[in-house]
Amino acid sequence: SPRVLSGIQPTAGSFHLGNYLGAVRQWVALQESHDAFYMVVDLHAITVPQDPMELRANTRLAAAQLLAAGLDPDRCTLFVQSHVPEHAQLGWVMNCLAGFGEASRMTQFKDKSAKQGADRATVGLFTYPILQVADILLYQANQVPVGEDQRQHIELTRDLAERFNGRFGETFTIPAPYILKETAKIYDLQDPSIKMSKSASTPKGLINLLDEPKATAKKVKSAVTDTDTVIRYDAEKKPGVSNLLTIYSTLTGAGIPELEQKYEGKMYGALKTDLAEVMVDFVTPFRTRTQEYLDDPETLDSLLAKGAEKARAVAAETLSQAYEKVGFLPAK
Ligand code: AQP
């Protein structure tokens, strides 16, 4: 079956609703139909300063949340990036294949380094998309389920895979992004012109899945809409309401037209009250399940060790092919 690969950073503690709807939810679905590899990308996390104790705790927390969201270690390979050294090893090869100008065009680097101040940004932050290239190519992934913000990095992956194949001979599968239109970009609840994000959103605009459900309900109820009163999907003219409808529709499975009909003639308050309830029903068991996985760190760690072993089997094979093609002398 076709293969998928994706990763999530262990940086923020709790996943936010954008991470879940934009990416993790698709990961859960794809493990049924695909040979799926999912990882907690701790190597990417240290592109910005991390407290070591927190990083370790957040790595377990990310894995616990992925399991709570529905990843099943019997159906997918779940692991921690640093447990598979081949990522850094192929990453170096890719660094030597990527152009400086090409890497400079990555908009996420421009955004993130501008935010930090260009002098404070690390070289690691600059080359992080190239490590991501290695992440994907190591598994010969056909598809990469991510949010819209990652599209440019998947393009870079395709370019470098083609360049490598062209220069050294067929080695890597050319991957395609797997981005669902409806949930490609979940917006900030207070400013629906920006994506919901751990770094750009204000606390009121950001729904962290592990927050107190009551606080989450409150945020939904105070989401920004517009001065109009009609509940209708129109991403351009009514971004706030449209974002709420997307979230509602995805979490319940109800179609947008169905929701528009349900709220015809009703006030925004009615939609928000119902969506708050939907959110609470979703996050409450999610929090409980996450805590259960955290309460048993030994089981969690051994599950991640098994995942890393499965991942390494694939990654090591690809790396040795790539090393051979590049012309490295095999170690006797
Ligand atoms: N708002 C979003 N809508 C849809 N998908 C989103 N993703 C992130 N935000 C949204 C997707 O979540 C996955 C994991 O992301 P990550 O671990 O790389 O985190 P990130 O992209 O760094 O998350 P943030 O909150 O956007 O962080 P900052 O603020 O640092 O940039 C990815 O597939 C991503 O597309």
Checklist entry - Can you give the Rg to Rh ratio for the range 130-260, taking only C-alpha atoms and Rh from Kirkwood? => result 1.11
Item to check | Calculated P(r) tail over 34 Å for the chain, as whole % of Cα pairs | outcome: 27
Checklist entry - Helix 268-294 versus the longest principal axis of the chain: what is the Cα-based angle in degrees, 0 to 90, to the nearest 10? => result 40
Item to check | Value of Rg/Rh across the range 71-141 [Cα atoms, Kirkwood radius] | outcome: 1.06
Item to check | Under 17 Å from the Cα of Lys238 - aspartates and glutamates, other chains or at least 8 residues apart | outcome: Glu182, Asp188, Asp191, Asp226, Asp228, Glu260, Glu264
Checklist outcome for this item: Heavy-atom accessible area of the range 255-332 with neighbours in place, 1.4 angstrom probe: carbon+sulfur share in percent works out to 55
Checklist entry - Based only on Cα atoms, what Rg/Rh ratio does the range 138-212 have, Rh being taken as Kirkwood's radius? => result 1.16
Checklist outcome for this item: Given pairs Lys115/Lys185; Lys115/Lys214; Lys237/Lys262; Lys185/Lys219 and cut-off 23 Å on Cα-Cα distance, the over-length ones are Lys115/Lys214
Checklist outcome for this item: Sorted largest first, the C-alpha extents of the range 1-148 along its principal axes in whole angstrom are 43, 32, 28
Checklist entry - Roughly how tilted is helix 239-252, in degrees to the nearest 10 and between 0 and 90, from the longest Cα axis of the chain? => result 80
Checklist entry - Hey, how many Å between the Cα centroid of the range 59-115 and the Cα centroid of the range 1-52? => result 8
Checklist entry - How much space per residue, in cubic angstrom, does the convex hull of the C-alpha atoms of the range 210-302 take up? => result 107
Next on the checklist: Starting from a Cα-only point model with no solvent, please compute log10 I(q)/I(0) by Debye for the range 171-212 at q = 0.18, 0.30 1/Å.
Outcome noted: -0.61, -1.03
Item to check | For Leu43, net neighbour charge (Lys/Arg +1, Asp/Glu -1) across residues whose Cβ lies under 12 Å away | outcome: -3
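The values are calculated or read from the model by the stated rules, or taken from the named source; none is laboratory data. Bear in mind that the values here come from a model prediction, so they are computed numbers and not experimental data. Using ideal geometry, Cβ is built from the backbone for each residue, glycine included, and neighbour counts are taken over all protein chains shown. We work out accessible area using only protein heavy atoms, side chains counted, and drop any ligands, DNA or RNA first. Shrake-Rupley method; radii C 1.70, N 1.55, O 1.52, S 1.80 Å.
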